[in-house]
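In what follows, a single structure is set out as structure tokens and then discussed.
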Amino acid sequence: MYKWTSALLALSFALTLALAACGNNNNNGDGQAASGDASPSAASPSASQADGSPSAAAQGGELTYALATSPDTLDPQRSGLAVAVRVIRTIYDNLVVKLPDNTIKPWLATEWTESEDGLSYTFKLRQDVKFQDGTPFNAEAVKYNYDRILDPATKAANASALLKPYKSAEVIDEYTVKLNLETPSRAFLGNLSQALLGIVSPTAAKKYGDQFGKNPVGTGPFKFVKWEENAEITVERNPDYAWAPEIVDNKGAPYLDRVTFKIAPEEATRIGSVQSGQVLAAETVPPQNIVSLKSNPDFQVLQANTIGLPYTLFINQEHAPWGETKARQALQYGIDNGAIVKTLYLGTYEQAWSALTPGVLGYDASLENAVQPDVDKANALLDEIGWKKGADGIREKDGKKLTLRYVDGSPNREKRNDIAAIIQQQLKKIGIDTEVVITKDILTEVYTNSNYDLYGNSQVNGDPNALSAFYHTAPKGALGNLSKVSDPEIDQWLEQGAVEKDDAKRAELYKKVQQRIKDEAIILPIYVFPYTVAASKSVQGLKFDLLGYPLFNDVSLAK
Amino acid sequence: MFKAVTGRILSSLLVIVGSSALVFVIMYLLPGDPVASMIDVSSASPETIANLRHQLGIDRPFLLQLADYFGKLLRGDFGQSVLNSEPVLPKIAKHFPATLALAACSAAVSVIVGVLLGVLSAIHRNKPIDLIARIVGLLGISMPAFWTGILLLLIFSVRLGWFPAMGSHGWRTLVLPALTLGLIGAGFIVRMVRNSMLEVIGDAFVVTLRAKGLSERAVMYRHALRNALIPAVTMIGVLAGEMLAGTVVIETVFSRQGIGRIIADAIMAKDLPVVQGVILFSSLVYVVVNLLVDLSYAVIDPRVRRSA
């Protein structure tokens, strides 16, 4: 009798422990809910506030915005992730802003002049700007920022690449700063508009050092409040804000009281939270959800194509037979990219046609539809250069099979692994045996060992000079030139484009580059990535910058 | 008795050190490079990459890295994240309570649902309740957690709006994840309790009890159940491992904070010190729970007590 009582005692003890743990959590939970913090009612305070003033651009409220991954840091100069930029954009401003028509307009700088030799820029700065910690914004602050990026201790790998060829800064007077360059660069001024070159508070950056990324301070429309790792990041209205750039309508402080970014990696959860009203907006909507959400009157899907280099498959010319133009052209004709993009993205992504995306200065729209899939032509091209189909349908030459090693990264970002699977099937039809290799170690496989025939990459960038890293003959082992292309004419055009002051002439140079890339079948452009946001209908005024990052200055919550 | 306990503790230590060394080797052999998740390699120079690798200390020989790791560990230094220099131990300490809450509630769901259904199905063998219990058992152990999770989320969060789809504050955020994870454990327990209950019911002492004139109720709940429950205690130890492993998936699906989420992110980014820290910590928790379970046999079962 006794024994079983003790057995039950032990079991009930374990149960009590378990339940006690739950019980504790209940209490916490009630406390949280009472303060209206993170429960699903998060959306309702804003809704009720908006009821008070039903006019457009209602003041106040909280926007909850679900992000697909967690930012690495909120120090713009140290970050390397697009997801971090979505938050960074709310906290920091830049010297200049780039509009969708590629013109550059004032932001923290009011005007600027460029020296005759193109080796320096002199900026006049706004005099009414303060950082969120009270530090005045001035020429010293600008100099501190750009020098900080150059300092190796900052570990600003991505920002320093953007800042190139910056050399030094001179403080002329309190609100005038001169930036000196190593070489002239047409991309430099535009790059200053990029979020990774946002201006941080020198006081805070010195104070927090390595931990500045967790304690960010800028001059932007929102102030950092808190970052709960893997859960949420909150920023609140900066009431003093009065220097918004031309790209938004509201020049003053934002309408919203706060924006809470929730981190939700699982896409079903992220989109489900918008549908259930737990958040008001969520980013990166899977194609199948875009289609269904668009037909639902309670929701809206906002979409902004990113610009720069589209997702592009680079053909490695160092591996035979892909050094031959005709072999590459066979891939160009043998792959039906239109079918791939339609099948995988259900019409929500646009097909790419060139080495640049639409929207970048110099994009050559004449290349659209210029190449149409043609299996017969592809077969003929391969026959011509001596690759004949064998008994198994795979081509052979001198006893060697025609194989193609297609390397792609893991996880399956934007269904890129599925693209590889479809291309494998399509190339079988023209007698190419494709080996698809999915790996996490792209750095070793692709960049160090060059063990690929086909590898895909993309880059968000506002300036056509982005082409240089990918298509200019690689200077002593640089990593970007994935096609291993070396064409003296392309090199020359890219070099001229990097310094040409006349935008129309510059555009012509980049058009020549794109034309050549297509004619020589150096790459296979695949798709233009759209940044997508699913939102409740009550979210109004969400805009995107040139690169497709969301801007919250004009956002208000209606009804 | 004392000797047995010391032996158990020593072998537990061995398990912890062994698993931690094993993980170090696996992570080292796995392809991938933390540098690739830190910078855009296509526009970086090889020197930048080499410098970064040097700063992180990942360009050193393997044995040196391993020795360095254990050396620091002995001094209580779990190291810091290679990605954002955050110390590992405080990071785990900060996120463990959320995981503990989830694991404990899931275990409670497992035990309550599992024992209840297991007993009912054994008593009412081949009746509808038995069928239901067997289906729960089968589904529990065969449905992948992420699938069950998304299914529950679509029904109870998106369609019905009863519970939030994400978050880790408040009991309402705990319901769906605990149910998802608890169902897996319940699947195991239902099947086990049912079998052991059926076995006990067939035992001679049950016949004796019935012959003695005890009511069927007393026979079942006071005598048979107590005998059948002993294996369930063992299951708690096994469950602790299941629950900890399950949080990796569940915390990601429901966007909860916790150490499962941390390790999932760290593995993707090859953030070795964080992976190591979480593994070490989890194996510690697992070993301690199982040690307690082992020791509790002595308390629960007189046969164990006598033999020890």
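The values are calculated or read from the model by the stated rules, or taken from the named source; none is laboratory data. Predicted, not measured: the structure shown is a model, and the values here were computed from it. Quick reminder, even Gly has a Cβ in these numbers, built from the backbone with ideal geometry, and neighbours come from all protein chains shown.
Restricting the first member to segment A:203-221 and to residues that are more than 14 Å from every other protein chain (Cβ to nearest Cβ), and the second to residues that are crowded, with 16+ Cβ neighbours inside 10 Å and at pLDDT below 95, the beta-carbon pairs closer than 6 Å and six or more apart or on different chains are A:Ala205/A:Phe212. Among residues of segment B:43-64 that are within 18 Å of B:Ser81 (Cα to Cα), those with a Cβ under 8 angstrom from a residue that is of a type in the set (Asp, Glu) and exposed (fewer than 14 other Cβ atoms within 10 Å of the Cβ), sequence gap 6+ or separate chain, pair up as B:Arg53/B:Asp59; B:Gly57/B:Asp68; B:Arg60/B:Asp68. Of the residues in segment B:249-257, none is closer than 17 Å to B:Ile189 by Cα and modelled with pLDDT of 85 or more.
Anything in segment B:143-162 that is facing chain A (nearest Cβ under 7 Å) and in contact (Cβ under 8 Å) with a residue 40 or more places away in the chain? List them, or say none. Let's see the steps before the verdict.
Taking segment B:143-162 as the starting set, the residues that turn out to be facing chain A (nearest Cβ under 7 Å) are B:150, B:153-154, B:157-158, B:161.
Within segment B:143-162, B:Ile150, B:Leu153 qualify.
Which members of segment A:465-497 meet the condition of being away from every other protein chain (no Cβ under 13 Å) and of a type in the set (Ser, Thr, Tyr)? Within segment A:465-497, A:Thr473, A:Ser486 meet the criteria.
Kindly establish whether A:Leu494 is crowded, with 17+ Cβ neighbours inside 10 Å, more than 24 Å from A:Ala327 (Cβ to Cβ) and in contact with a His (Cβ under 9 Å, 6 or more places away or on another chain). Lay out the reasoning, then the answer.
Numbers: crowded, with 17+ Cβ neighbours inside 10 Å: yes; more than 24 Å from A:Ala327 (Cβ to Cβ): yes; in contact with a His (Cβ under 9 Å, 6 or more places away or on another chain): yes.
Yes: the conditions hold for A:Leu494.
When segment A:290-321 is filtered for residues that are hydrophobic (A, V, I, L, M, F, W, C), buried (at least 20 other Cβ atoms within 10 Å of the Cβ) and part of a loop (DSSP other than H, G, I, E, B), only A:Ile307 remains. The single condition among (1) buried (at least 16 other Cβ atoms within 10 Å of the Cβ); (2) closer than 29 Å to B:Glu47 by Cα that A:Glu170 does not satisfy is (1). Checked against (1) more than 12 Å from chain A (Cβ to nearest Cβ); (2) farther than 30 Å from B:Gly182 by Cα; (3) surrounded by fewer than 19 Cβ atoms within 10 Å (Cβ to Cβ), B:His124 passes all but condition (2).
Limited to segment A:231-264, what total is found for residues that are over 17 Å from A:Phe544 (Cβ atoms), in contact with a strand residue (DSSP E or B) (Cβ under 6 Å, 6 or more places away or on another chain) and more than 14 Å from every other protein chain (Cβ to nearest Cβ)?
Just the residues of segment A:231-264 that are over 17 Å from A:Phe544 (Cβ atoms), to begin with: A:231-243, A:251-253, A:255, A:257-258, A:260, A:262-264.
Narrowing the set further to residues that are in contact with a strand residue (DSSP E or B) (Cβ under 6 Å, 6 or more places away or on another chain) leaves A:232-236, A:238, A:253, A:255, A:257-258, A:260, A:262-264.
Those still in the list that are more than 14 Å from every other protein chain (Cβ to nearest Cβ) too: A:235-236, A:238, A:253, A:255, A:257-258.
Qualifying residue count for the region: 7.
Going through segment A:228-258 one residue at a time, which ones are closer than 28 Å to B:Val249 by Cα, hydrophobic (A, V, I, L, M, F, W, C) and touching a helix residue (DSSP H, G or I) at 6+ places or on another chain (Cβ under 6 Å)? If the condition is that a residue be closer than 28 Å to B:Val249 by Cα, hydrophobic (A, V, I, L, M, F, W, C) and touching a helix residue (DSSP H, G or I) at 6+ places or on another chain (Cβ under 6 Å), then A:Ile233 is the only one that fits.
Taking the criterion of being farther than 16 Å from B:Gln257 by Cβ, within 8 Å of another protein chain (Cβ to nearest Cβ) and assigned to a helix (DSSP H, G or I), the residues of segment B:62-113 that qualify are B:Ala107, B:Ala108, B:Val111, B:Ile112. Is it true that A:Ala282 is part of a loop (DSSP other than H, G, I, E, B) and either touching a residue at least 12 places away in the same chain (Cβ under 8 Å) or surrounded by fewer than 20 Cβ atoms within 10 Å (Cβ to Cβ) (or both)? The answer is no for A:Ala282. Note on segment B:92-132: residues that are in contact with a Cys (Cβ under 6 Å, 6 or more places away or on another chain) and aromatic (Phe, Trp, Tyr) total 0. Scanning segment B:157-174 for any residue that is closer than 25 Å to A:Asn230 by Cα, in contact with a Leu (Cβ under 6 Å, 6 or more places away or on another chain) and buried (at least 21 other Cβ atoms within 10 Å of the Cβ) turns up at least one such residue. So which residues in segment B:258-277 are assigned to a helix (DSSP H, G or I) and either within 13 Å of chain A (Cβ to nearest Cβ) or among the charged types (D, E, K, R) (or both)? Within segment B:258-277, B:Ile259, B:Gly260, B:Arg261, B:Ile262, B:Ile263, B:Ala264, B:Asp265, B:Ala266, B:Ile267, B:Met268, B:Ala269, B:Val274 meet the criteria. Of the listed requirements (1) buried (at least 21 other Cβ atoms within 10 Å of the Cβ); (2) among the hydrophobic types (A, V, I, L, M, F, W, C); (3) within 14 Å of another protein chain (Cβ to nearest Cβ), A:Ile438 misses just one: (1).
Just a yes or no: is a residue in segment A:260-267 among the hydrophobic types (A, V, I, L, M, F, W, C), part of a strand (DSSP E or B) and at pLDDT below 95?
We begin by selecting, within segment A:260-267, every residue among the hydrophobic types (A, V, I, L, M, F, W, C); these are A:261, A:263-264.
Then keep just the ones that are part of a strand (DSSP E or B); that gives A:261, A:263.
So of that shortlist, the ones also at pLDDT below 95 come out as A:263.
Yes: segment A:260-267 contains one or more residues that are among the hydrophobic types (A, V, I, L, M, F, W, C), part of a strand (DSSP E or B) and at pLDDT below 95.
A:Gln132 falls short on exactly one of the conditions (1) modelled with pLDDT of 95 or more; (2) surrounded by fewer than 17 Cβ atoms within 10 Å (Cβ to Cβ); (3) in a loop (DSSP other than H, G, I, E, B), and that condition is (2).
Going by the structure shown, is A:Tyr144 surrounded by 23 or more Cβ atoms within 10 Å (Cβ to Cβ), modelled with pLDDT of 95 or more and out of contact with any His (no Cβ under 6 Å at 6 or more places or on another chain)? Can you show your working first?
Values: surrounded by 23 or more Cβ atoms within 10 Å (Cβ to Cβ): no; modelled with pLDDT of 95 or more: yes; out of contact with any His (no Cβ under 6 Å at 6 or more places or on another chain): yes.
No.
The single condition among (1) within 11 Å of chain A (Cβ to nearest Cβ); (2) closer than 21 Å to B:Thr180 by Cβ; (3) surrounded by fewer than 19 Cβ atoms within 10 Å (Cβ to Cβ) that B:Ala298 does not satisfy is (2). Residue check, A:Glu500 against (1) more than 14 Å from chain B (Cβ to nearest Cβ); (2) buried (at least 20 other Cβ atoms within 10 Å of the Cβ); (3) at pLDDT below 95, all met but one. Which one? Here A:Glu500 meets the rest and fails (2).
For segment B:177-189, filtering for residues that are crowded, with 24+ Cβ neighbours inside 10 Å and out of contact with any Ser or Thr (no Cβ under 7 Å at 6 or more places or on another chain) leaves 2. Condition check: of a type in the set (Asp, Glu) and either closer than 21 Å to B:Met268 by Cβ or surrounded by 15 or more Cβ atoms within 10 Å (Cβ to Cβ) (or both). Does A:Asp418 satisfy that? Taking the combined requirement at face value, the residue satisfies it.
Out of B:Leu225, B:Leu209, B:Leu198, B:Leu214, I need the residue that is farther than 20 Å from B:Leu102 by Cα and outside any helix (DSSP H, G or I). Which one? Quick ask: steps written out before the conclusion?
Numbers: B:Leu225 fails: outside any helix (DSSP H, G or I); B:Leu209 fails: outside any helix (DSSP H, G or I); B:Leu198 fails: outside any helix (DSSP H, G or I).
Criteria check complete, one pass: B:Leu214.
Of all residues in segment A:150-167, those that are free of Cβ contacts under 8 Å to residues at least 60 places away in the same chain and away from chain B (no Cβ under 12 Å) have Cβ atoms under 9 Å from Cβ atoms of residues that are among the charged types (D, E, K, R) and surrounded by fewer than 22 Cβ atoms within 10 Å (Cβ to Cβ), 6 or more apart or on another chain, in A:Leu150/A:Lys167; A:Pro165/A:Glu182; A:Tyr166/A:Glu182; A:Lys167/A:Glu182.
Applying a threshold of 6 Å to beta carbon distances and a minimum spacing of six or more residues, or different chains, the list of pairs starting in segment A:334-353 at a residue that is touching a residue at least 40 places away in the same chain (Cβ under 8 Å) and ending at one that is buried (at least 18 other Cβ atoms within 10 Å of the Cβ) and among the charged types (D, E, K, R) reads A:Leu344/A:Lys415.
The residues of segment A:60-82 that are touching a Gly at 6+ places or on another chain (Cβ under 7 Å) and under 20 Å from A:Glu414 (Cβ atoms) amount to a single one, A:Asp72.
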